[in-house]
1. Quick one: length gained pulling residue 15 to residue 102 fully straight, 0.36 nm per residue minus the C-alpha distance?
2. To the nearest 10 square angstrom, what accessible area does residue 18 show with a 1.4 Å probe?
3. Going by average Cβ neighbours within 10 Å, how do the peptides 107-114, 42-49, 77-84 rank, with the highest at the top?
4. Can you pull the semi-axes for the stretch 36-111, root of five times each eigenvalue of the Cα gyration tensor, sorted largest first, whole Å?
5. Tell me whether the stretch 21-61 comes out rounded, prolate or oblate; compute the Cα gyration tensor, take square roots of the eigenvalues as a ≥ b ≥ c, and use a/c under 1.5 as the rounded threshold.
6. Hey, can you grab everything whose amide H is under 5 Å from the amide H of residue 76? Only 5+ residues off in sequence or another chain; H modelled, so Pro and N-termini drop out.
7. Write out the trypsin sites (Lys or Arg not before Pro) in the stretch 74-112 meeting two conditions: DSSP loop, and at most 15 other Cβ atoms within 10 Å of their Cβ.
8. Which whole-Hz couplings ³J(HN,Hα) result when phi for each residue of the stretch 16-25 is put into the Karplus expression 6.51 cos²θ - 1.76 cosθ + 1.60, θ = phi - 60°, listed in order with x for Gly and Pro?
Amino acid sequence: MTVLYLMTREDEVIVPAMKTLSADSEYMLYRRGDDLTVLGEGKLGLFYGCLTGYRDIGGRRSNGDGAISFILKFKNGISLTISSTNTEIFQFYVDRVYESIAYRSDAYAVNCPVSLLGLY
């Protein structure tokens, strides 16, 4: 008899990071690769609700062409790197700095309209 165990692990970065964010979390927006130019700032607002519906990257589907990446930085040491087309944000991951150590989550899929952040 063969017994197969499927090991799954909880992402130790995404879960605590998402618990610290809310619709009222304030961010500064940068284009990935250009951390010097602030493209915008604001509160997560309705985007937070969409973001909490994240799912395994295997379920990723994007609507549109020409993906571009942005970074949302928060004062608490958390940043979200998001990938978007001109119509939707379809993927993100979290970077978190805690006690001078950088941590990165797995990548997750979402389908959130870019209009929730006003990117284009």
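The values are calculated or read from the model by the stated rules, or taken from the named source; none is laboratory data. Just so you know, these numbers come straight off a predicted model, no measurement behind them. For neighbour counting, all protein chains shown are included, and Cβ atoms are generated from backbone atoms with ideal geometry for every residue, glycine included. Accessible surface is based on the protein model in full, side chains and every heavy atom, while ligands, DNA and RNA are left aside. Shrake-Rupley method; radii C 1.70, N 1.55, O 1.52, S 1.80 Å.
1. Working: separation 87, 0.36 × 87 = 31.32 nm, distance 1.56 nm.
Gain on extension, residue 15 to residue 102, equals 29.8 nm.
2. About 20 Å², ignoring ligands and nucleic acids.
3. Details: 107-114: 18.4, 42-49: 16.4, 77-84: 21.1.
The most tightly packed comes first, giving 77-84, 107-114, 42-49.
4. On the way: eigenvalues 88, 48, 29 Å².
Semi-axes (√(5λ), whole Å): 21, 16, 12.
5. Values: a/c = 3.46, a/b = 1.35, b/c = 2.56.
Taking the square roots of the gyration eigenvalues as a ≥ b ≥ c, the stretch 21-61 is oblate.
6. none
7. Numbers: sites: 75, 96, 104; in loops: 75.
Loop-located and lightly packed - 75.
8. x, 5, 5, 6, 8, 9, 7, 4, 8, 5
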